[in-house]
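Notes to accompany the following structure.
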Amino acid sequence: MKKFWTVLGLSSESVGNPFVRINIFALLVLIGALMELYVMSIGRDELLFFQLPIIWFFGGILAGVAVIYYSLTSHYERPTLFPVNQVVNYFVFFSFAVIVMAYLTSLFYNSPPDPMKSDIIPTIQTMAQRLMNFDYPYYKVEYPGWSFEPGYLTMQYIPFVKAEILKIDYRTWAYIIFLGVMFLFVYRLNFRNDIYSWFWSLVMIGLPFLGIKLIMLYDASIFMYSVELLDAAYYMFLVYSLFSKSNLLRAIAISCCLLSRYGIVIWLPAYAFIYYKEVGLKDTLRLSYMVIGMLLILYVLPFMTKEPNLFFKGLSNYDQMAIGQWTNVPDWYAHIGKPYILTQGLGFAIYFREFLQGEMIDRIEALKLVHLLSSLGIMLLTILIYHFKRKRIKSIELYLAGSLILYLTVFYNFVFAPFSYLFLVPFFTTIAVLYKLPGFKYGS
């Protein structure tokens, strides 16, 4: 038996070690992620639109609080790499990646982009093609029966220039980028050379692929009509950068998030404040200059100098669609009698629509105000906990990661148009943080 563990590259002495126990904090984060996955897949029920958002919300809160508590009790351990274990991890990772890609590409082949069903991918494609031809990407986009001026930020369409060159479906390309970021986490998954770490690594590798497959089974439209895996990859990369010592890597991650889903802009002051306290003014300014430089080069100088109100025009596009999303009930959804977008079990918008009084626009504005105040609240709470518990925090990286989970949970649950695909970002961010936690603890 001893030879068996040795062949696997594992320490036979650690197998059955009575001093090995489950890391309860990692288990709580896993439970939180599974609660979110449950709402997006097997728990989907169009009649439970009041109950399911609560499950999702508390799943995210559970995960974020668990990570923050863990940061107060344990240092972040940079895993030691063991060649045999890595080979096994890589084999499992690429096997799952290929299998899930087969499912996704089959889905994409049978569901080509169609602006009459969703204009997300056709619009991104138009913008990427215009950029390739050195045209202004923000000119009006024309579709049968309607037209509009697109407001997507640059990191939503620049990556697809490569997809155009390679003639790859945009959704497949988003998945490939997602795999690339995920591999950064898989590369350092072995915490110890024993069966427990090996088992935890396999669970962690399989979880994202299980998530994608389950979501596909219950709501394939999330992947058919969006490239949200790209945005999920950006936020996973942001988590990865928190554990890096490279300012350049941090700047790239922050810039990608700001120029795709800009929602972290409210959380960034907490990040900047803690970073300043930990590394000093010089490094903080260097990081800030890098981020500002990237924003200038990729968005402000090439586009906002041509149209100064470009960013705010993009925001107004979302505001204009809000009333329709809150009032229109499709004929095929008449048996529920509520707007489809608000009754998918994700986000608290349904509560504001159903329980507040007044005009619909007033209810939407109330939700937007709560959205802003609650997001600011998490940012301030992050600073306050850090200020009072600074000496107890053993891992600033994990503390910031836990804060990010809490922030995204609150931010996404209070969006006024809770499209299902948006919630891939907080879900995969939670999984990314989970990669940084050991599944088992050692010692007497």
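Rolling a 1.4 angstrom probe over the chain with all protein chains present gives an accessible area of which 67% lies on carbon and sulfur atoms. For the chain, relative contact order (Cα pairs under 8 Å, six or more residues apart, normalised by length) works out to 30 percent. Considering only GluC sites (Glu not before Pro) in DSSP loops that have at most 15 other Cβ atoms within 10 Å, the longest stretch of the chain without any of them is 78-358.
For the chain, modelled as a GNM whose springs connect Cα atoms under 10 angstrom apart, the maximal fluctuation among ARG21, ARG250, ARG44 occurs at ARG21. Working note: 222 nm ellipticity from helices only, DSSP H runs with n ≥ 4, each -39,500 (n - 2.57), summed and divided by the residues of the chain, gives -20500 deg cm²/dmol to the nearest 500.
Connecting C-alpha atoms closer than 10 Å in a GNM of the chain, tell me which of VAL239, VAL410, VAL141 has the biggest fluctuation. Looking only at VAL239, VAL410, VAL141, the biggest GNM fluctuation is shown by VAL141. Between exposed chymotrypsin sites (Phe, Trp or Tyr not before Pro) in the chain, where DSSP calls loop and at most 10 other Cβ atoms lie within 10 Å, what's the longest gap? Free of exposed loop sites, the longest segment is 135-444. If you wrap the range 398-444 in the convex hull of its Cα atoms and look at it from every side, the mean projected area works out to 4.0 nm².
The three principal axes of the Cα atoms in the range 365-444 give end-to-end lengths of 53, 30, 17 Å, sorted in falling order.
The Cα-based radius of gyration of the range 128-182, divided by its Kirkwood radius, gives an Rg/Rh of 1.03. For the range 105-170, trypsin sites (Lys or Arg not before Pro) meeting the loop criterion (DSSP other than H, G, I, E, B) and having at most 10 other Cβ atoms within 10 Å: LYS140, LYS167. Taken over the Cα atoms of the range 201-348, the convex hull encloses 168 Å³ per residue.
Considering only ILE361, MET304, LEU249, and ranking their Cα positions along the charge dipole of the range 215-364 that arises from unit charges at the beta-carbon of Lys, Arg, Asp and Glu, the one farthest toward the positive end is LEU249.
A convex hull fitted to the Cα coordinates of the range 77-212 yields 137 cubic angstrom per residue. If the elastic network links every pair of Cα atoms under 10 Å, which of GLY280, GLY64, GLY347 fluctuates the most in the Gaussian network model of the chain? Comparing GLY280, GLY64, GLY347 in the GNM, the peak value goes to GLY280. Rounded to whole Å, the principal axis extents of the Cα atoms in the range 170-234 read 42, 23, 14, largest first. Computed with the Debye formula from one identical point scatterer per Cα of the chain, without solvent, the log10 of I(q)/I(0) at q = 0.10 Å⁻¹ comes to -0.75.
ARG78 sits with roughly 150 Å² accessible to a 1.4 Å probe, with DNA, RNA and ligands left out of the calculation. With N as its number of residues, the range 12-133 has a Cα radius of gyration that, divided by 2.2 N^0.38 Å, comes to 1.57. With the cut-off at 1.5 for a/c, could you classify the range 313-386 from its C-alpha gyration tensor as rounded, prolate or oblate? Judged from the Cα gyration tensor, the range 313-386 comes out prolate (a/c at least 1.5, a/b above b/c).
Between helix 120-132 and the chain there is an angle of about 90 degrees, using the helix long axis and the longest principal axis of the Cα atoms.
How much accessible area per residue does the chain have, counting only protein heavy atoms and a probe of 1.4 Å, in square angstrom?
On the way: 19720 Å² over 444 residues.
Normalised by residue count, the accessible surface of the chain is 44 Å².
The count of lysine pairs in the range 357-444 that are at least 8 places apart or cross chains, and whose C-alpha atoms lie under 26 Å apart, stands at 6.
The values are calculated or read from the model by the stated rules, or taken from the named source; none is laboratory data. Treat the numbers as computed from the prediction; the structure is a model and nothing was measured. Note that each Cβ is placed from the backbone with ideal geometry, even for glycine, and that neighbours are counted across all protein chains shown. The protein model used for the area step is the full one, side chains on, heavy atoms only, and it has no ligands, DNA or RNA in it. Shrake-Rupley method; radii C 1.70, N 1.55, O 1.52, S 1.80 Å.
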